[in-house]
Amino acid sequence: MAEYTLQEIAEAVHGKQVGTGTGNIREILTDSRRVVYPAGALFVALKGTHHDGHRFIPMLYRQQVRYFLVSRLPEQPADYPEACFIEVGDTLKALQQLAAMHRRSFRKPLVAVTGSNGKTIVKEWLVQALAGKKYVVRSPKSYNSQVGVPLSLWLLDNTYDYGIIEAGISRPGEMKRLQQMIRPDIGVLTNIGEAHQEHFSSLEEKLQEKLTLFKDAGVLIYRKIPWVDEQIRQQFGKKEMQLFAWSDEEDADVRVISIDKKGDHTDIKATYCGKEYEITIPFTDEASVENVIHVWTVLFYLQCEPEYIAQAMPGLQPVAMRMELRKGVRGCMLINDYYNSDLQSLRIALDFLKQQNSKLKKTVILSDILQSGKPKAALYRDVAGLIKAGGVGKFIGVGPDISAFAGWFPEGSVFYPGTEALLEFLPSMEFRDEVILLKGARKFAFERISVLLEEQVHQTVLEVNLDALTHNLNVYRSLLRPGTRLMAMVKAFAYGSGAYEIARALEFQQVDYLAVAYADEGVMLRHAGIRLPIMVMNPEMSAFDKMMHYSLEPELYNREIMEAFIQKLASAGLQDYPVHLKIDTGMHRLGFLPEEAGALIDRITKTETLYVRSVFSHLAASEAPEQDAFTRQQIKTFREVAGRIQEALGYRVLWHILNTTGIERFPEAQFDMVRPGLGMYGISETLKGRLRTVSRFRSVVTQVKRVKTGDTVGYGRSEKARQEMTIAIIPVGYADGLMRSLSDRKGKLFVKDTLVPVIGKVCMDMCMADVTGLGIKAGDPVEIFGDHVPIEDLARCGETIPYEILAGISARVKRVYIREG
């Protein structure tokens, strides 16, 4: 494991050390949520277009982190008496300098993988194929960026036989910085395609940029495609570099002579050094076949025995790119991460576990960690330390290796020799109100445990990407002036995404306020442990007691509701209770009219029960350029009324009027706070290219059948087959949130890489789609909306708006929460 003194780090980054500190640094943090061992952690405060890590220093200091790499010191350094800061001009550059320093200490062969597609898959399959023969350290998941690469390089350790680092770029000039850190011995180029093409003038320019990674490598392994091969030879032909290629069309080091797809597997034959070899792989799609041949070629270059390769290839497993959070039995939540098993991915999984509901007990079920490269005693000492530091209340170890070191784990831990033994006792274990992390190597087949612990519901789910939500929030942050606060809208079950899970993620991202529609929504968040201030936008008089009990702050919008709340506070003996005044500047929904401002001011200045936390209004048409004159008049009216209220109160009040599209189009009206809503979920015409999709509504095909010419489909017989066709039945209907207005070929679903029309009438629990000629079978995945079917397109087909679709996703649809890194 990397370990450096503060002085060594300061010298490596040419930084100025401020404060005292003598500890050694063993861990680099760039994400404030991922503190496991604070004593040896250095937090790098990265500052980018969408984020500023310096904001999280106070929180990290409270979590016992004491070492910080910063580009500016805190305004009050005296608030951090035990901290040591290393100040530099550019923290990202300094992070990369640290990685380059540590890379120079790694004396084993380092493999670097880049390309337009398949980088992560090739890297992971190389690790799988070498397992049992070589110890390999590699980039976690898809850590391939300007930040991810240095974090990956920090994991290098000379106890391993190989390092495999993934490198990704999206703009010219980026690969040079990655190359200066990685300096690979062996290069692997997967392919060159259209991914991230927007910043390159041609594929040739992109290839030239990617080849920069290999300028000092000893060998480059690639697929021999004429234009790619020509450019590689032009760029490296005069260097002492070995070019090691494969091809299925012309002569190459590895010559693929046949690819035979047979049902659920593929047989591939190739010649190498004059001999013919054959492998079988458990995949049939073109991308997987190409990725496997890349891996095969690397294994040939590394001189792995052909017999070993032939045995390893059928065991390749699909690569799980993210963790899933699902509902479990008896009030539990289940984190499925049972396709990766190494020390770094365990750290990431424990970080994710730590972020979950603070009121639920934390449980970990962990298998033996295979092919770690560490001596077993050292490995499980580290694992036990992570479990103890992670606040785990119940630990279950599975496998002979981890069981052998049971004494190092927390008291009360339970161990089983294998999965079968655990499954035998699992029904008698009373899991209740727990967050359960399932973390295991593939050979332990933890999916069998997941089936027993997961709440059984139907196969239609709403997948919510919490990393995408964070990305989008930071995009909106980047549009704000310094000091502008954020009130995040989580009403209507967080736009259908799940109020608690979204609120928890937003709380971690340090938004200033949450807003809900009704008091019950706020109460639910309080029960789940959310501590942020919460504004209730539709406070009902019957819910006043709940609001006071759970410290919820009501919006006051007319004289009646205000008087009723004042009386309730007076009878409870409460003073200075925080409230929010709504001004109707033209929406003509809730709110005090401007002409009522005088009476409003007179009343609030004569009562001691209320403390006006904010004054706000709502824009009626901020998204419509043709209504900009009206919008500006709303802003002008709000400024006048809010100014009068603040002057009368004599203390500072927060002002806010901008919703999502208001933030995008009217920066001059940010005032003290803004209220992003739908934009956080990736829905915006203005910022379409910058936001990521958060919600993916998906299902599966349950049945495929043929319909004869002239036969009809569905209620009312509205779909008549003009010729014989194949239809798929999908278990999603209007009771799940698929609108009936999408019937009769108005809506489209994404099935097997193709958009297919919804046919007949959408039923309560299912729908039908025309899949003629596509080879669809039961179990194939279906996307209702997501990356391939934008929710905006679905809304247009259904003659509605994205809000209505998201809010209409039924509670019976299981929400699955995912993290990518």
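The values are calculated or read from the model by the stated rules, or taken from the named source; none is laboratory data. Quantities reported herein were computed from a predicted structural model and do not represent experimental measurements. Backbone-built Cβ (ideal geometry, glycine too); neighbour counts: all protein chains shown. These accessible areas exclude ligands, DNA and RNA; they are computed on the full protein's heavy atoms, side chains included. Shrake-Rupley method; radii C 1.70, N 1.55, O 1.52, S 1.80 Å.
For the reader, a short list of remarks on this structure follows.
- Kirkwood hydrodynamic radius computed over segment 504-546 comes to 10.8 Å, based on all pairs of distinct alpha carbons.
- Residues whose placed amide H lies under 5 Å from that of Ser71, excluding near-sequence neighbours: Val88
- Less than 5 angstrom separates the built amide H of Ser810 from those of Gly737, all sequence-distant by 5 or more or on a different chain.
- Extension reserve of the Glu8-Asp793 stretch, reckoned as 0.36 nm per residue once the Cα distance is removed: 277.1 nm
- Seen through its C-alpha gyration tensor, with square-root eigenvalues sorted a ≥ b ≥ c, segment 80-194 comes out oblate because a/c lies at 1.5 or above while a/b is not bigger than b/c.
- Value at 222 nm in deg cm²/dmol, rounded to 500, when DSSP H runs of n ≥ 4 in the chain each add -39,500 (n - 2.57): -8500 deg cm²/dmol
- Checking the Cα-Cα distances for Lys720/Lys748; Lys239/Lys275; Lys210/Lys688; Lys262/Lys777; Lys141/Lys439; Lys546/Lys568 against a 20 Å cut-off, the pairs over it are Lys239/Lys275; Lys210/Lys688.
- Percent of alpha-carbon pairs separated by more than 11 Å within segment 744-786: 65 percent
- Alpha-carbon gyration tensor eigenvalues x 5, square-rooted, for segment 490-573, Å: 24, 12, 10
- Net charge contributed by nearby residues that have their C-beta within less than 9 Å of Ser699 (K/R +1, D/E -1): -1
- Cα-based equivalent ellipsoid of the chain: semi-axis lengths in Å, sorted from largest, via gyration tensor: 47, 35, 28
- Rounded to whole Å, the principal axis extents of the Cα atoms in segment 548-674 read 49, 30, 25, largest first.
- On Cα atoms only, tilt of 343-354 relative to the major axis of the chain in degrees: 20 degrees
- Both numbers refer to the Cα atoms of segment 708-821; Rg and Dmax are 14.3, 51 Å.
- Debye-formula intensities of segment 344-425, expressed as log10 I(q)/I(0) at q = 0.23 Å⁻¹, are -1.17 (one equal scatterer per alpha-carbon, no solvent).
- Kirkwood Rh in Å, taken over segment 24-143 so that all alpha-carbon pairs contribute: 16.6 Å
- Across segment 68-79, coupling constants 3J(HN,Hα) worked out from phi with the 6.51/-1.76/1.60 Karplus curve, θ = phi - 60°, read 9, 9, 10, 9, 8, 7, x, 4, 10, x, 5, 6 Hz, and Gly and Pro carry x.
- Two-decimal log10 I(q)/I(0) for segment 617-761, as the Debye equation yields it once each C-alpha is a single scatterer, q = 0.18, 0.21 Å⁻¹: -1.03, -1.24
- In summary, the convex hull built on the alpha carbon positions of segment 223-355 has an orientation-averaged projected area of 12.4 nm².
- Accessible surface, the chain, averaged per residue in Å² (probe 1.4 Å): 42 Å²
- Within segment 405-473, the trypsin sites (Lys or Arg not before Pro) that combine a DSSP coil assignment with at most 14 other C-beta atoms in a 10 angstrom radius are Arg432.
- Taking N as its residue count, the alpha carbon Rg of segment 682-747 over 2.2 N^0.38 Å: 1.52
- Remark: the Cα gyration tensor places segment 67-136 in the prolate category, a/c being 1.5 or greater and a/b exceeding b/c.
- Taking every C-alpha pair closer than 8 Å and separated by at least 6 residues, the mean separation divided by the residue count of the chain gives a relative contact order of 9 percent.
- Ratio of the Cα radius of gyration of segment 153-272 to 2.2 N^0.38 Å, where N counts its residues: 1.19
- Enclosed volume per residue, in Å³, of the convex hull spanned by Cα atoms of segment 8-90: 90 Å³
- Both radii are taken from the alpha-carbon atoms of segment 537-594; with Rh as the Kirkwood radius, Rg/Rh is 0.98.
- Carbon plus sulfur fraction of accessible area for the chain, probe 1.4 Å, in percent: 49 percent
- Computed over the alpha carbons of segment 385-481, Rg followed by Dmax gives 18.4, 59 Å.
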